[in-house]
Amino acid sequence: MADPKGFLNTTRQGPKRRPVDLRLRDWNEVYEDFNRDTLESQAGRCMNCGIPFCHQGCPLGNLIPEWNTLVWRKDWADAAERLHATNNFPEFTGTLCPAPCEAACVLGINDDAVTIKQVEIEIIDRAWEEGWVEPQPPSVRTGKKVAVVGSGPAGLAAAQQLTRVGHDVVVFERADRIGGLLRYGIPEFKMAKHRLDRRLEQMRAEGTEFRAGVDVGVDITVEELRADFDAVLLAGGATAWRDLPVPGRELSGIYQAMEYLPPSNKVQEGDMERSPIHAEGKHVVIIGGGDTGADCLGTAHRQGAASVTQLEIMPTPPQTRSDRNPWPTYPTLYRITSAHEEGGDRLFAVSTQEFLGDEEGQVRALRLSEVVFENGRFEPVPDSEQDLPCDLALLAMGFVGPEKSKLLEGLGVDYDERGNVARDDAFTSTVPGVFVAGDMGRGQSLIVWAIAEGRAAAAGLDKYLTGRDVLPAPIAPTDRPLV
Ligand SMILES: Cc1cc2nc3c(=O)[nH]c(=O)nc-3n(C[C@H](O)[C@H](O)[C@H](O)COP(=O)(O)OP(=O)(O)OC[C@H]3O[C@@H](n4cnc5c(N)ncnc54)[C@H](O)[C@@H]3O)c2cc1C
């Protein structure tokens, strides 16, 4: 156990964000450095529970009490080793995860949970600084060739696992750079891309091959793919976005979030000076109150928007857990992300009725009304309409599943009732030798689930190729969050 009295004597201390006026002038990560002595005493708050519910909360089954104890004992190198035992990329979850582990922390029943996510990011940051993160190339080679389609967290986790057990792994990505949503969805201020790049360097050194700019199913036919590789892992994400079919949707100035965020990320990569879709001086309305909407919000503020309003159809969430959402489930709460702290208005329980345009066909306003949930649907409240000025509308309403692309059609995979690629307990699709992981099989989800799925699908694929059972499979396809 860490400090036996830590949870009694030490109060939770989380990371601090840089001042808003400073961080809006750059694209650097928003959090300040965390003092390592303080971090060690924070780790000491862990009670090493007999039944560590944090394991249940984390899809990866992270060994949280073990690394908390090791950090408290200042044994950071061993803590890094225990962290990597269950997670290929703790820097992705340490910066981006909503931390269901903290929601399930036993201390959270009547006190503030252990700051698990901060301990995680500090361990991995220190491990990189100290040179403890080294390539782990395989000691034997199987001679089997595996194609991984898609380079988001699911594809990368699977590729690393499969390379390390000796397969020749090629990761295909249709974008011009590797990383999936980590590269072109998530803005630099949430996770700096050098975190991704150094991990890719490690993977290259281990022997994973990356081919960017290749749309599998188009640039390489399905027949070529099947002929060249012994097995295929599909990790193409849930990229089919939900649209808003209301009057005026055809006006210019209305974009999907994933049309808006990638060029902004490309500016940060140095590919261009200015994004072709820019918020400077504009009244921006973001439709959708989730993570994607918050990323649009932070981006629009950094681009110099005149105003930003974020709309959410659901009512304002409570400030504390409701009785229907008890510990250790993940609580639906009113959250103020770093982007919300930076400004803008938030409207809840509202729905867009139409977009209004000018003579040139450019959006100039958005008409909304308040809504109530009745008889299983959102109904507009009579006489509650109002018009918001809007020169740039960003649709951030989520994704409906994978694109029914030439790749999926060509392979002939089946879909489940939600339109995702169907798979069995070993993550095999209905086509033998073709596996599926991440959002493509689960539907729109989280990075931590994508990594867990990538690891588990790699285990199934390795068993298919070799008959052995050596890789860990942290989850089953049917596992769901504690909600
Ligand atoms: C804007 C945004 C912000 C988010 N923020 C967070 C967050 O803060 N925390 C969190 O936990 N989750 C977040 N998420 C969700 C998270 O990013 C996803 O759940 C996760 O990235 C899914 O990983 P994946 O590997 O399954 O797919 P993806 O990351 O979507 O990667 C799939 C890749 O496959 C490629 N691909 C598809 N088809 C082909 C093909 N035929 N040939 C070659 N390549 C192909 C795509 O181009 C894409 O790059 C966010 C999502 C969005 C959209």
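The values are calculated or read from the model by the stated rules, or taken from the named source; none is laboratory data. Keep in mind that this is a model prediction, so the values were computed, not measured. Note that each Cβ is placed from the backbone with ideal geometry, even for glycine, and that neighbours are counted across all protein chains shown. Areas reflect the complete protein model, heavy atoms only, side chains present, ligands, DNA and RNA absent. Shrake-Rupley method; radii C 1.70, N 1.55, O 1.52, S 1.80 Å.
Observations
- Here ILE121 passes the criteria (1) out of contact with any strand residue (DSSP E or B) (no Cβ under 9 Å at 6 or more places or on another chain); (2) outside the structural domain of LEU200 (by TED's automatic domain parsing); (3) within 16 Å of the ligand (Cβ to nearest atom) except the one numbered (1).
- Lone unmet requirement of (1) under 18 Å from LEU356 (Cα atoms); (2) open to solvent by 40 Å² or more (accessible area, probe 1.4 Å); (3) not polar (S, T, N, Q) for LEU244: (2)
- Residue-level analysis places LEU156 among those that are within 16 Å of the ligand (Cβ to nearest atom) and either under 15 Å from MET203 (Cα atoms) or in the same structural domain as ARG302 (by TED's automatic domain parsing) (or both).
Per-residue answers, yes or no, for (1) within 8 Å of the ligand (Cβ to nearest atom); (2) touching a residue at least 60 places away in the same chain (Cβ under 8 Å); (3) not hydrophobic (A, V, I, L, M, F, W, C):
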site	(1), (2), (3)
THR208	no, no, yes
ALA212	no, yes, no
VAL216	yes, yes, no
VAL222	no, yes, no
ASP228	no, yes, yes
VAL232	no, yes, no
GLY237	yes, yes, yes
PRO245	no, no, yes
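- All of (1) part of a helix (DSSP H, G or I); (2) under 30 Å from ALA147 (Cα atoms) hold for GLY237 with one exception: (1).
- Residues satisfying the stated conditions in region 272-297, i.e. in a loop (DSSP other than H, G, I, E, B), at pLDDT 95 or above and within 16 Å of the ligand (Cβ to nearest atom): SER275, ILE277, ALA279, GLY288
- Hits in region 419-437 - residues which are assigned to a strand (DSSP E or B) and open to solvent by 20 Å² or more (accessible area, probe 1.4 Å): THR428
- Residues that are open to solvent by 100 Å² or more (accessible area, probe 1.4 Å) and charged (D, E, K, R) were ranked within region 129-146; the one that is farthest from ARG164 (Cα to Cα) is GLU129.
- The lone exception for THR11 - which of (1) in contact with a Pro (Cβ under 8 Å, 6 or more places away or on another chain); (2) touching a residue at least 60 places away in the same chain (Cβ under 8 Å); (3) open to solvent by 40 Å² or more (accessible area, probe 1.4 Å) it fails: (1)
- Taken together, the criteria place THR93 among residues that are in the same structural domain as TYR31 (by TED's automatic domain parsing) and within 13 Å of the ligand (Cβ to nearest atom).
- Of all residues in region 444-479, exactly one satisfies the criterion of being outside any loop (DSSP other than H, G, I, E, B), among the basic types (Lys, Arg) and either modelled with pLDDT under 95 or surrounded by fewer than 19 Cβ atoms within 10 Å (Cβ to Cβ) (or both), namely LYS463.
- When CYS101, CYS54 are screened for being under 28 Å from ARG199 (Cα atoms), within 16 Å of the ligand (Cβ to nearest atom) and open to solvent by 10 Å² or more (accessible area, probe 1.4 Å), only CYS101 passes.
- Single condition ALA257 does not satisfy, out of (1) open to solvent by less than 10 Å² (accessible area, probe 1.4 Å); (2) more than 10 Å from the ligand (Cβ to nearest atom): (2)
Yes/no per residue for (1) open to solvent by less than 60 Å² (accessible area, probe 1.4 Å); (2) under 30 Å from PRO477 (Cα atoms):
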{"residue": "SER41", "(1), (2)": "yes, no"}
{"residue": "ILE64", "(1), (2)": "yes, yes"}
{"residue": "CYS97", "(1), (2)": "yes, yes"}
{"residue": "ASP111", "(1), (2)": "no, no"}
{"residue": "ILE116", "(1), (2)": "yes, yes"}
{"residue": "GLU120", "(1), (2)": "yes, yes"}
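- Each residue in region 302-332 was checked for being open to solvent by 40 Å² or more (accessible area, probe 1.4 Å) and either free of Cβ contacts under 8 Å to residues at least 12 places away in the same chain or out of contact with any strand residue (DSSP E or B) (no Cβ under 6 Å at 6 or more places or on another chain) (or both), and 12 pass.
- ASP197 vs. criteria more than 8 Å from the ligand (Cβ to nearest atom) and in a loop (DSSP other than H, G, I, E, B): no
- Positions within region 390-405 being open to solvent by 20 Å² or more (accessible area, probe 1.4 Å) and part of a strand (DSSP E or B), in sequence order: PHE399, VAL400
- One residue from GLY293, GLY344, GLY288 being in contact with a helix residue (DSSP H, G or I) (Cβ under 8 Å, 6 or more places away or on another chain), open to solvent by 40 Å² or more (accessible area, probe 1.4 Å) and under 24 Å from VAL372 (Cα atoms): GLY344
This table checks each residue for (1) away from the ligand (no atom under 16 Å from the Cβ); (2) out of contact with any strand residue (DSSP E or B) (no Cβ under 8 Å at 6 or more places or on another chain); (3) over 27 Å from CYS296 (Cα atoms).
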{"position": "GLU403", "(1), (2), (3)": "no, no, no"}
{"position": "LEU411", "(1), (2), (3)": "no, no, yes"}
{"position": "GLU417", "(1), (2), (3)": "yes, yes, yes"}
{"position": "VAL436", "(1), (2), (3)": "no, no, yes"}
{"position": "GLN444", "(1), (2), (3)": "no, no, no"}
{"position": "PRO481", "(1), (2), (3)": "no, yes, no"}
